[in-house]
């Protein structure tokens, strides 16, 4: 299990990748930087990206949005749905297991007809970290930066090292 530390709480307020401000969020702008496999973390992120026509490999949602706004709609039908529980400020074993299983499926299974949806009862915010850690170099993770826009993380060795260090700090 991984537990968020106060030090990382402030560090994670900074984008881990390229911040695309809300007003610049267009399909053309996103197409220029999105690579596959593609993982979307967060309800608003998943809704925005699928409305733009992106079909991700993995989607993580918790069916909650900031300040109780209406839950956005996904514009894709999942191939498979995994339901897990995960508390606030942690990456629990159920969530970690679902992410690992999903990563195996996208790397090995060419027969999928849509994304794998990880539906989290609780909170999915920190799932960005293990997704970056486990996604192959060359893939992309997109998550929301509250009141700012979308963060696009093109996974390379440098970001993997940074995230591994963060996860080590959180490990219990």
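Every number in this text was worked out from the coordinates using simple rules, so none of it is lab data. Note that the structure is a prediction, hence the values are computed from the model and not measured. As a convention, Cβ positions derive from the backbone with ideal geometry for all residues, glycine included, and neighbour counts pool all protein chains shown.
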Sequence of 48, 172, 76, 142 once ranked by neighbouring C-beta atoms within 10 Å, starting from the fewest: 172, 76, 48, 142
Among the DSSP beta bridges whose two residues both lie in the chain, what percent are antiparallel, rounded to the nearest 5? 40
If each part is reduced to its alpha-carbon centroid, region 118-149 and region 158-172 end up apart, in Å, by 14
Ranked from fewest to most other Cβ atoms within 10 Å of their own Cβ, 1, 166 fall in the order 1, 166
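Can you show me the helix-derived [θ] at 222 nm for the chain, built from DSSP H runs with n ≥ 4 at -39,500 (n - 2.57) apiece and divided by the number of residues, rounded to the nearest 500.
Working: 6 runs with 57 residues, N = 172.
Calculated from helices alone, the mean residue ellipticity at 222 nm is -9500 deg cm²/dmol.
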With an 8 Å Cα cut-off and a minimum separation of 6 or more residues, compute the relative contact order for the chain in percent. 34
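Classify region 108-172: rounded, prolate or oblate, from the alpha-carbon gyration tensor (a ≥ b ≥ c, eigenvalue square roots; a/c under 1.5 rounded; otherwise prolate if a/b is larger than b/c)?
Details: a/c = 1.39, a/b = 1.19, b/c = 1.17.
It is rounded, given that a/c, with a ≥ b ≥ c, falls under 1.5.
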